[in-house]
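One structure is given below, encoded as C-alpha cells.
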2 protein chains.
Amino acid sequence: MKPTHDNRWVKTITLSPPSLGDNTADADRLETALKKALGTRTVHMDPGLLKQLPARLREWDYRATTVLFKDAGGAGILVHLAAPDTTKALCGLAVDLGTTRVVLRIIDLCTGKHRGESVFDNPQIAIGPDVLARIHHVEKPGGLDQLNRLITDGINSRLRDLCNRCGISPENIHMVSVAGNTAMTHLMMGLNPRWMIREPYIPAVNRPDVFKTTELGIDVHPGARALIFPNVGSYFGGDLIAGILYCDMDQREETAILVDVGTNAEVVLGNRNWMMACAGAAGPALEGGVTRMGTTAGPGVIDRITIDANSLAIDIHTIENRPPRGICGSGVIDLAAALFQSNMIDIRGKLIADRCGDRFRIKDGLGHLTIVPADQSATGEDLGVTQADLDSLIRSKAAMYTILETITDSVGIRQQELETFFVAGTFGAYIDPRSAITIGMIPDLPIASYHSLGNSSLGGASRVLADPGCFDRINRIRDGITYLELNVNQDFMNRFSAAKFLPHTDRSRFPSVTVPANGNRPGRP
Amino acid sequence: MKPTHDNRWVKTITLSPPSLGDNTADADRLETALKKALGTRTVHMDPGLLKQLPARLREWDYRATTVLFKDAGGAGILVHLAAPDTTKALCGLAVDLGTTRVVLRIIDLCTGKHRGESVFDNPQIAIGPDVLARIHHVEKPGGLDQLNRLITDGINSRLRDLCNRCGISPENIHMVSVAGNTAMTHLMMGLNPRWMIREPYIPAVNRPDVFKTTELGIDVHPGARALIFPNVGSYFGGDLIAGILYCDMDQREETAILVDVGTNAEVVLGNRNWMMACAGAAGPALEGGVTRMGTTAGPGVIDRITIDANSLAIDIHTIENRPPRGICGSGVIDLAAALFQSNMIDIRGKLIADRCGDRFRIKDGLGHLTIVPADQSATGEDLGVTQADLDSLIRSKAAMYTILETITDSVGIRQQELETFFVAGTFGAYIDPRSAITIGMIPDLPIASYHSLGNSSLGGASRVLADPGCFDRINRIRDGITYLELNVNQDFMNRFSAAKFLPHTDRSRFPSVTVPANGNRPGRP
C-alpha cells in the first residue's frame, strides 16, 4: 500500500494482490489500505462502488485512484474510485451561501487549485431580502419547500454554467462544502428555521452530518458527499467557522480577532487555546446598525473619499473609475473620517454648516451634504449624505466598537494587546482601516495589525476540499467556541453612549487620531 | 435524559427542553442523549428524520421513542422516531438466507419476542440447486441481476404475507439482519461472487457495512437499515458467525465446538479467548460427502430407525407419522448404526447378506436393503438403501470425523476434553447423537455434551435485533476466528482412511460402542 497525494482527498493506492495465504476480500483489502492512508477507524463504501470493486481491482492490477471524504463522526467515506493515474478531472465544489450573494468555486482535488468561480444573487431574494423575511415565508404553505428549491435550483443551474466554463461536467464533482449562516444552511437542507427567531432561538441542528448530495438535491456525481459547516447557534453560523478555519485562529499562538460584517456583525476572539465569539444581533441598540450603510459595492460606487484639509475639496474614487452612482460602506466611513478631520462634522457627527459651505443645505428639516453634484453623477441627481445617514453611521460605529470592547473585556484583554485583527468579507476588502480608526469604529492599532481576509467563508469552504487536515478542525473549532450572549444592559448602554463620539469620549484610546482644534463645537442640525 | 428499554434498540428518551441558557439545537440535543443511551461516539440521522425533528420534539414535549441501530464502524444510527410511549408496532426482520431454504422471522423490538415466521424455498433454486450452479449462472448476461431479484423479490413477497399474518405492515420493520453463507449474501447484495470459486477464492467483501434497506431493494420502512452478517471467507459465511453468536461460544470459559452441516460441513472450536474454524469444502475426499444423504426432512420422511437385535425387525418413525416416502439424513445414520449393531453390515459398512435375509437383494450388481416394502410405502415402491448409499455414508461420516479430529488436533485438544458439542441446523435437530457416535461420525462424548441448536443462523440473526449488546460481538467474533485451511494431504488422507471403519480403526476412541462379535466379518458385495 503506497498512497500518493498525501495531503489530498485523492489518493492512489497500491494493494498487494490476494493469494491463498492472504485471502482477505477485495473491499476489506481496500478498506485496510484506506484506513491507513486516511487515519480513520472505518471507511464506508456505497453499494454502487462495492459492486464495481472486484472487477475494477483486477482490471487495474490492484491499483486505484480513490477519492475519500469523511462523515461528521470522523469515519472515512470512499466517494469515488477511478483508474490509477486517471487523467479525469476530480473536483470539489466550495459554496459560500450568503443571504445576499452566493459564490461557487471549483477546486481541483488533486492539486488543491481553483478552477473557476461563479457569483450570483441568492435567488431567495425574490421571496425576501433578509433572513427574517425568508424565515417568515416558511410559515406559508409550501414556503419552506419553495425557498429550498430556489437555492438548490439556483446552485444547480449556475454550477452547470460554471462547469461548462471550466471544461468539466458536474459529474466530475465528488465533494461539496457549504459555508453559510445558520438560516441559509437550514433552508438549503430543507430544515425549518422558524424556531431560530423565537425565544430561546433554537436551530434544528448545530452539526449537520455529511450528506449525500442526492439527499440535498445538488446535481453533482451521485456518489458525492456534502459537508455543511456547523453553526454555534442561530446567530453564529458556519460562514464564521469557515472564516476561523481560513485564518487559522484555532492554531495561532497569539490572540487574534476576526470581524465579519455581513448581514450581521460577528466577532471571534481567540487563539489555539480558546475562542470567544459574539454576534451583533443583540437588541434595539444595534438594530439596522452596523450593516445598513450605503450602497452595495459595484462599478461606479464611491469606495474612497479624501478631503483636502485646506481647500476642503472632496476627492472621490469610484469602483472601476466609472461615473459615480452611490457611496458604499467603506466610502461612507472614509467620508466621515475626512469630514471629522476637516472639522466639517463635530465629535457627535453633526454637520457643521459653516465649514461645509455650499455643499450644505437643509431639506425637509434635515441637513444634507452634497459630495457629487447632479451634473457630475451617473444618476443625474446629487450624491451625498444626510444628517440621518451620519447619525446612523455613528450608531453603527459605536455598536461595532462596543461589541469589540465587550468581547475583549470579557476575557480581560486590552484592545491594544491585539496583534492580529482580521476583517472578513467585502467590508474588510474595501474598508480603509485608517478611516475606521479615525471615527473610532475599530481600535487604534498599528495599521499593519489589520488584515483583510476577503471572502473567508468561501476560503474556509475551499480549504477543507484542498486539505483533509482541515476536516477534523471544523468541529473542534465549533466545539471550542464560547458564545458570549450580548446583553444590552446598562453596562453595554454606557459603553455604547461613550462610543457615540468621534473617535470616542475617552480620547486616550485613540492616540493616533488628531482631533481638530474646534472639533468640539456643536454643528447646526 | 432517561432512556427506557435499556437492553433494546428501542429507547424512550426524555430531553430537557431548550432555554436561553441551554440553546443546543434539536438534533444535537437528541444526539447527546442517544450517544449516552447507546454508548457510541456519534449518532447519524437521515435528512428525512432531521426535517421532522424540531416540530416533533415540540409536539411531544421533548420526549420521543427512538429506534436505534449501528453501522459496521460502531456509529449509532437513528432509524426511526415515534411519539413517546407509542403503541405502534416497532419490529425487526431476521433472515436466515439458506441456499436451499430461507426463513424470515419478525421480532418485536420492544420486547425481543418473536411475532411470526415464514419458511420458503430459496427461489434461486430455479436457476440452480447449489451454490456452484448459481455462481456459474452469474457469467450469463443479466445473470447476477436475475439471481439478485429472485431473492429480494422472494423475500419481499413472503414478507408481505408474513406481516399480514402478524397484523403489521412492512413499514413497521425498522431493521433487518441477514445471516447466510458467503455466496448467498453476495447475491443478495448484488455482488459478483465469481472470484469466490477461483483460486485464491476471494469474496467481494468480508465485513459488509450496514446498508439502507432501500439500497438492497428490501421493502420495509424506507429509513430501515440492514445488517448482513460478515464472513471469514468464501467458505465460512455469516450463518456460522450468527451460530457462534447464538451459542455464545465467544463468551464461554470452556472450550466448545459447533458443527453445522448444511450445504457444507462447517466446524468452529473455541471459547472466549480463541476460535478456530474450518469448512469441509476441501477437495475430492469430501466431495458430495457429508451433505448428500437421503431425502430432505418433511412429512412422511423416515427420521428414526431401530432394529430389534434378536428378531432383526426394523421399526421406523416418520415425520408427522405419515406413510413413509423416503429416508432423511438422520434416518440413514440411525439405520447404519442399527445395521452395524445388529451385525447386518460389517465394520466397512458392507451389507452382510446372510444377516439381512429377505430384505437383501442384488440389483444391477449392487446390494439393496429394503426397509419398507412397496405395499407399505407412500410411493408404492420399495424404500431402502443401496450399498452405494452406505458407502457414501461411510465417506461422509469419515470426512466429518476427520475434520473434527483435524481441528482439535490443530490446537492440541483431545476430543474427549470437549465439554460442549453444539450441532446446528436441521441436521442437529433430527440426528440421534447415540447413532452418530455408534457409526463414529462424532466423538464418543457423554450424550449430555451434545446440544442441538436448531436454526442457529436464524437464532443469531434474531438475537442482534433483540439485544444491542450482540451487535459489537459480531465483528469481534469474525475478527477473532483463525481459519484452518483443510489441506487434503497425506496426513489428512491417513486419518480419513482410519475413519472409514465402524466406528473407527482405533476402537479405543469409542469405548461406549459395543462392536458385534463377528462385526469384522466381511459382508458380500
What about B:Gly217, is it at pLDDT 95 or above, within 29 Å of B:Thr66 (Cβ to Cβ) and among the small types (Gly, Ala, Ser)?
-> yes
Out of (1) surrounded by 23 or more Cβ atoms within 10 Å (Cβ to Cβ); (2) in contact with a Lys or Arg (Cβ under 6 Å, 6 or more places away or on another chain), what's the single condition that is false for B:Ile155?
-> (2)
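At pLDDT below 95, in contact with a helix residue (DSSP H, G or I) (Cβ under 9 Å, 6 or more places away or on another chain) and within 14 Å of another protein chain (Cβ to nearest Cβ): is that true of B:Phe236 in this structure? Talk me through it step by step, then tell me what you get.
Details: at pLDDT below 95: yes; in contact with a helix residue (DSSP H, G or I) (Cβ under 9 Å, 6 or more places away or on another chain): yes; within 14 Å of another protein chain (Cβ to nearest Cβ): yes.
Yes, satisfied.
Within the stretch A:332-351, identify whether any single residue is acidic (Asp, Glu), within 27 Å of A:Ile257 (Cα to Cα) and in the same structural domain as A:Pro503 (by TED's automatic domain parsing), and answer yes or no.
No: zero hits.
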May I ask you to say which residue of B:Leu93, B:Leu97 is within 14 Å of B:Ile173 (Cβ to Cβ) and crowded, with 23+ Cβ neighbours inside 10 Å?
-> B:Leu93
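Going by what's in this entry, would B:Thr65 be described as under 16 Å from B:Trp9 (Cβ atoms) and polar (S, T, N, Q)?
yes
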Please state which of the following conditions A:Asp219 fails to meet, knowing it meets all the rest: (1) crowded, with 21+ Cβ neighbours inside 10 Å; (2) assigned to a loop (DSSP other than H, G, I, E, B).
-> (1)
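Got at least one residue in the stretch A:366-389 being part of a helix (DSSP H, G or I), modelled with pLDDT under 90, over 22 Å from the mean Cα position of the chain (by Cα) and not aromatic (Phe, Trp, Tyr)?
yes
Restricting to the stretch A:222-233, and then to whatever is away from chain B (no Cβ under 11 Å) and hydrophobic (A, V, I, L, M, F, W, C), can you tell me which residue is surrounded by the most Cβ atoms within 10 Å (Cβ to Cβ)?
Once the filter is applied, the top-ranked residue is A:Phe229.
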Across the stretch B:30-45, the tally of residues that are closer than 20 Å to B:Thr86 by Cβ and more than 8 Å from chain A (Cβ to nearest Cβ) stands at 6
Could you list all residues from the stretch B:193-206 that are crowded, with 20+ Cβ neighbours inside 10 Å and in contact (Cβ under 8 Å) with a residue 40 or more places away in the chain?
-> B:Pro193, B:Met196, B:Asn206
When residues of the stretch A:59-73 are filtered for being more than 8 Å from chain B (Cβ to nearest Cβ) and not in a strand (DSSP E or B), how many remain?
-> 4
In a helix (DSSP H, G or I), in the same structural domain as A:Met493 (by TED's automatic domain parsing) and surrounded by 20 or more Cβ atoms within 10 Å (Cβ to Cβ): does that describe A:Gly428?
-> yes
Here the residues within the stretch B:390-416 that are assigned to a helix (DSSP H, G or I) and among the aliphatic types (A, V, I, L, M) are B:Leu390, B:Leu393, B:Ile394, B:Ala398, B:Ala399, B:Met400, B:Ile403, B:Leu404, B:Ile407
Need at least 1 residues that are farther than 24 Å from B:Gly243 by Cβ, hydrophobic (A, V, I, L, M, F, W, C) and modelled with pLDDT of 95 or more per element, so show me which helices (runs of 4 or more DSSP H) inside the stretch B:449-524 make the cut, counting only ones lying wholly within it.
-> B:490-498
Which listed residue, of A:Ile173, A:Ile202, A:Ile197, is touching a strand residue (DSSP E or B) at 6+ places or on another chain (Cβ under 7 Å) and hydrophobic (A, V, I, L, M, F, W, C) = A:Ile173
Give the stretch B:160-193 a look and list any residue that's farther than 25 Å from B:Ala72 by Cα and within 14 Å of chain A (Cβ to nearest Cβ), or say none.
-> none
Which listed residue is among the acidic types (Asp, Glu) and more than 26 Å from A:Cys470 (Cβ to Cβ), from A:Asp46, A:Asp22 = A:Asp22
Which condition breaks for A:Glu199 when tested against (1) in a loop (DSSP other than H, G, I, E, B); (2) within 14 Å of chain B (Cβ to nearest Cβ); (3) modelled with pLDDT of 95 or more?
-> (3)
Yes/no for A:Arg41 being under 24 Å from A:Asp472 (Cα atoms) and surrounded by fewer than 20 Cβ atoms within 10 Å (Cβ to Cβ) | yes
Among the residues of the stretch B:75-97, is there at least one that is in contact (Cβ under 8 Å) with a residue 24 or more places away in the chain, among the acidic types (Asp, Glu), part of a loop (DSSP other than H, G, I, E, B) and within 11 Å of chain A (Cβ to nearest Cβ)?
-> no
Of A:Ala309, A:Ala282, which residue is more than 21 Å from A:Leu502 (Cα to Cα), assigned to a loop (DSSP other than H, G, I, E, B) and at pLDDT below 90?
-> A:Ala282
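May I ask you to say which residue of A:Gly180, A:Gly243 is closer than 25 Å to B:Leu50 by Cα, buried (at least 23 other Cβ atoms within 10 Å of the Cβ) and within 21 Å of the chain's Cα centre (by Cα)?
On the way: A:Gly243 fails: closer than 25 Å to B:Leu50 by Cα.
Unique residue meeting the criteria: A:Gly180.
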Only one of (1) within 10 Å of another protein chain (Cβ to nearest Cβ); (2) farther than 22 Å from A:Cys91 by Cβ does not apply to A:Cys247, and that is (1)
Can you tell me which residue among B:Ile327, B:Ile371, B:Ile407 is assigned by TED's automatic domain parsing to the domain that holds B:Met276 and not basic (Lys, Arg)?
-> B:Ile407
Answer with yes or no whether B:Ser396 is under 26 Å from B:Val267 (Cα atoms) and of a type in the set (Gly, Ala, Ser).
-> yes
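The values are calculated or read from the model by the stated rules, or taken from the named source; none is laboratory data. Please read these numbers as outputs of a predicted model, since none were measured by experiment. All Cβ positions, even for glycine, are placed from backbone atoms using ideal geometry, and neighbour counts span all protein chains on display.
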